[in-house]
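Worksheet: one structure, shown below.
The values are calculated or read from the model by the stated rules, or taken from the named source; none is laboratory data. This is a predicted model, so every value here is computed, not measured. When we count neighbours, we look across all protein chains shown, and the Cβ atoms used for this are built from the backbone with ideal geometry, even at glycine.
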Amino acid sequence: MSPQLKIISDDDLREILAQHALWLKESGKQGKQADLQNFSLKGKDLRKADLRFANLEGADLFCADLSDADLRDANLRGVHLHSANLGGANLSHADLSGFNLSGMNFRDATLDHARLFKTDLRNTDFTNANLYGAYLWDANLKGAKLQGATLDFAWIARTNLRRAYIAASWVTAQKSVEKAILGPFQRLRLVTLGWPRGNNDKVTPG
């Protein structure tokens, strides 16, 4: 049985964030680390919030605005992020394995080395996002927007990229994925990435 979510006012949330900012600035000597475990943060305005090392375990961030927020090293275990806006957010090294992030906005977000193992990323917008070294093993990226995204050294073995949109042309798309790490004997058929079958039915070797 899931614990009952705690309600917090906007004023109390601002105070917690202010104390957390001081805690970060003073290396823990002043202020207080943000503990928002099991809080309902539905629809909250957390734009540009510095949430590094914050405890967000079990929090409900449904439809919250986290654009340009810094979530590095935050505890995101059990967080409900569906429909949250994470455009421009910093999720470097975040563990989002198994999350349902379908249809979400990660435009310009930083997700380098993020763990997205078996994550539902259908129709998610990763335009210009940094996915350098991201672990996308068994992730579902069907219909995702990846144009301009950095995929160098991303692990995309067994990843579903059907109808994913990487770039406007085959040449640009090939360059986007040429440094991605594929599984043994895997070939990436770019016809599944949004081009009609025909002259563009080419593959890159795994």
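Inspection of segment 103-115 identifies no residue that is touching a strand residue (DSSP E or B) at 6+ places or on another chain (Cβ under 6 Å) and either among the small types (Gly, Ala, Ser) or modelled with pLDDT under 95 (or both).
Just to be sure before I move on: is Leu136 at pLDDT 85 or above and either in contact with an Asp or Glu (Cβ under 6 Å, 6 or more places away or on another chain) or within 16 Å of Ala94 (Cβ to Cβ) (or both) in the structure I sent?
Working: at pLDDT 85 or above: yes; either in contact with an Asp or Glu (Cβ under 6 Å, 6 or more places away or on another chain) or within 16 Å of Ala94 (Cβ to Cβ) (or both): yes.
Yes, satisfied.
If we keep just the residues of segment 79-117 that are among the polar types (S, T, N, Q) and surrounded by fewer than 20 Cβ atoms within 10 Å (Cβ to Cβ), which is farthest from Asp138 (Cα to Cα)? Steps first, answer last, please.
So in segment 79-117, the residues among the polar types (S, T, N, Q) come out as 83, 85, 90, 92, 97, 100, 102, 105, 110.
Next cut, surrounded by fewer than 20 Cβ atoms within 10 Å (Cβ to Cβ) only: 83, 92, 97, 100, 102.
Values: Ser83: 22, Ser92: 20, Ser97: 10, Asn100: 13, Ser102: 14 Å.
Filtering first and then ranking leaves Ser83.
When restricted to residues that are within 27 Å of Asp108 (Cα to Cα) and surrounded by 14 or more Cβ atoms within 10 Å (Cβ to Cβ), segment 23-34 contains 2. Of the residues making up segment 47-61, not a single one is modelled with pLDDT under 95, surrounded by fewer than 21 Cβ atoms within 10 Å (Cβ to Cβ) and part of a loop (DSSP other than H, G, I, E, B). Test Asn128 against the criterion of being polar (S, T, N, Q), assigned to a loop (DSSP other than H, G, I, E, B), in contact (Cβ under 8 Å) with a residue 12 or more places away in the chain and closer than 17 Å to Ala84 by Cβ, and give yes or no. Here the answer is no, as Asn128 does not meet what is asked.
Which of the following residues is over 24 Å from Leu13 (Cα atoms) and either among the hydrophobic types (A, V, I, L, M, F, W, C) or surrounded by fewer than 18 Cβ atoms within 10 Å (Cβ to Cβ) (or both): Asp120, Asp138? Quick ask: steps written out before the conclusion?
On the way: Asp120 fails: either among the hydrophobic types (A, V, I, L, M, F, W, C) or surrounded by fewer than 18 Cβ atoms within 10 Å (Cβ to Cβ) (or both).
On inspection, the qualifying residue turns out to be Asp138.
Considering segment 139-155, and only residues there that are under 16 Å from Ala109 (Cα atoms) and not in a loop (DSSP other than H, G, I, E, B), the residue that is modelled with the lowest pLDDT turns out to be Thr150. Selection of segment 62-73 for residues being part of a loop (DSSP other than H, G, I, E, B) and either of a type outside the set (A, V, I, L, M, F, W, C) or surrounded by 22 or more Cβ atoms within 10 Å (Cβ to Cβ) (or both) yields Ala64, Leu66, Ser67, Asp68, Ala69, Leu71, Arg72, Asp73. Residues in segment 1-46 that are in a loop (DSSP other than H, G, I, E, B), touching a residue at least 12 places away in the same chain (Cβ under 8 Å) and over 23 Å from Gly78 (Cβ atoms): Gly31 only.
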